Amino acid sequence: MSLGQPHIPHNEAVRVFLTGLFDYAGLFPPASLTLEDAISEYAQYRMGSDKWMIGPFVCHVSSLDDLDAFGRLFEKSPPFQFSILTRTADDSTDFSLVLQEDLEEMNRFVKRHSGNVSTDIIEVRVPRVASADRKEAGAILSDLGALETGCPLIPDSVFLEVSRDEDFAVHLENVASAIAFSTEISANMSGDLSGKSFPRVGLKLRCGGTNPLDFPTPGQIAEFLKTVIRHRVQFKATAGLHHPVRHVDCKSGFIMHGFLNVFFAAALDAVHDVDVST
C-alpha cells in the first residue's frame, strides 16, 4: 500500500472490488509488529493516497486496554475502525459467557474514545462441539442473537470460524444452515423491532498461518465456498492472502492462496454452480 501517488483504477468494477478490501493485520504474521508500530503504521495508511483500499485494524479483544495509550491517534477523522477477535470458548455455555464479557469490553473501549473509534466487526471461533451438532449450532446462533439484542453497540458484522478437521464439511453445513435460518427469522421479525438493527452473521475462512496445517487445501476452500453460496451466507477470507495470485512462498515453501483466486472461484461457483470435484 502506497503513501504517495494513489493507485486508482480506471475500471469502475475494479475500484468497487478493491475499496476497503484489505484489513490491516500488522500484529499478526508475517509482519508481527508491536502494538505501537502497528497502530502507528495503520494511522499512516489511513492518511495515505491509497487509504480507500484499507479496511479495519484487526486485533484481539485483549489489546483494547493497551490501545488507550494511542488515543491521540484516534482523534483524526474519520473514526478508526476495528475488527475484534474474541476469546475462544470450549463449549456452548462458555461461548455465551465469554462473548458477553468481550462485547462489554468492546463497548467500554468505544465509550472511552467516544466518536473516535468503532468496533464494526467481530471474529468468533465456534466451539467444535457446537459446530459438530446441528441443534447446538442453532443454539449458538440463538445465543448470539440474544446477546446482540441486549448490547448497546452492535457490530455491523459477526464472522464465525469453525474447526477445520476431518469433519470440516459437517461443521460448515451445520453453522451455515443455522446462520441462514437465523437470518430469515430476523428478517421476518424486523418489522416488529422499532428500528433495532441486527448484525450480519457470516462465516470466516482462514487461508494460512505459520505452519502447513494452517493452510486449507483447494478442496476445502471449494467446499467452504460451495456451502456459503448455497446458503447465501456472507463470508470473510483471511490470513495467508497477502498476494493476489496463488504461488509458492520462497521462504516457507508453503502454497499461498491468492485473494484473486478465492474471489474468482466464488464468483464462478455463484454463476455456474461448479462441481467441487473439478
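Name the residues whose placed amide hydrogens come within less than 5 Å of the amide hydrogen of LYS204, ignoring near sequence neighbours (fewer than 5 apart) on the same chain.
Close amide H contacts, sequence-distant or interchain: LEU160, GLU161, VAL162, LYS236.
For the chain, build the charge dipole from Cβ charges (+1 Lys, Arg; -1 Asp, Glu) around the Cα centre, then report which of SER163, GLN234, VAL124 sits farthest towards its positive end.
With unit charges placed on the Cβ atoms, the residue in question is GLN234.
With label points built 7 Å along Cα→Cβ from the Cα atoms of ARG87 and ARG108, find their separation and express it in nm.
The answer from the label model is 1.2 nm.
Please state the charge dipole magnitude for the chain, taken about the Cα centre, from unit charges on C-beta atoms (+1 on K and R, -1 on D and E), reported in debye and rounded to the nearest 20.
740
Only four residue types carry charge here, +1 at the Cβ of Lys and Arg and -1 at the Cβ of Asp and Glu. Report the dipole size of segment 207-278 about the Cα centre in Debye, rounded to the nearest 20.
Dipole magnitude for segment 207-278 comes out near 160 debye.
So which aspartates and glutamates can LYS51 reach, going by Cα to Cα under 13 Å and dropping same-chain residues fewer than 8 places off?
Counting by Cα, and skipping residues close in sequence, LYS51 has these aspartates and glutamates nearby: ASP23, GLU41.
Among ASN261, ASN211, ASN11, which one shows the highest mean-square fluctuation when the chain is modelled as a Gaussian network with alpha-carbon springs under 10 Å?
Fluctuation is largest for ASN11.
Only four residue types carry charge here, +1 at the Cβ of Lys and Arg and -1 at the Cβ of Asp and Glu. Report the dipole size of segment 1-129 about the Cα centre in Debye, rounded to the nearest 20.
Here segment 1-129 has a charge dipole of around 460 debye.
Give me the percent relative contact order of the chain, please, defined on Cα pairs under 8 angstrom at least 6 residues apart.
12
Alpha carbon centre of segment 209-273 versus segment 88-124: separation in Å?
Centre-to-centre distance over Cα atoms comes out at 27 Å.
Amide H neighbours of TYR24 under 5 Å, at least 5 residues apart or on other chains, H built in the peptide plane: list them.
So TYR24 has HN proximity to GLY55, PHE57, VAL58.
Taking 7 Å along the Cα-to-C-beta vector as the label spot, tell me the HIS60-SER32 distance in nanometres, rounded to one decimal.
So the two model labels end up 1.4 nm from each other.
Which listed residue (GLN100, GLY48, ILE84) has the Cα farthest towards the positive end of the charge dipole for segment 13-137, taking +1 on Lys and Arg C-beta and -1 on Asp and Glu C-beta about the Cα centre?
Result: GLY48.
Report, in deg cm²/dmol and to the nearest 500, the calculated mean residue ellipticity at 222 nm for the chain, where each DSSP H run with n ≥ 4 adds -39500 (n - 2.57) and the sum is divided by the residue count.
When only DSSP H runs of four or more count, the value is -13000 deg cm²/dmol.
What is the gain in length, in nm to one decimal, between GLN100 and ARG72 on full extension, counting 0.36 nm per residue of separation less the C-alpha to C-alpha distance?
That pair, GLN100 and ARG72, stretches by 7.2 nm at full extension.
Using each residue's phi in segment 10-20, evaluate 6.51 cos²θ - 1.76 cosθ + 1.60 at θ = phi - 60° and report the 3J(HN,Hα) Karplus result to the nearest Hz, with x for Gly and Pro.
For segment 10-20, the Karplus-derived couplings read 6, 6, 4, 5, 5, 4, 5, 4, 8, 4, x Hz, x marking Gly and Pro.
Would you please give the FRET efficiency between ASP214 and ALA169, computed as 1/(1 + (r/R0)^6) with r the Cβ-Cβ distance and R0 = 22 Å, to the nearest 0.05?
E between ASP214 and ALA169, to the nearest 0.05, is 0.75.
Excluding ALA237 itself, what net charge comes from residues whose Cβ is under 9 Å from its Cβ, given Lys and Arg +1 and Asp and Glu -1?
Counting the neighbours of ALA237, the net charge comes to +3.
We did not get these values from a lab; they are worked out from the coordinates using the rules stated. On a predicted model such as this, the values are computed, not experimentally measured, just so you know. Note that each Cβ is placed from the backbone with ideal geometry, even for glycine, and that neighbours are counted across all protein chains shown.
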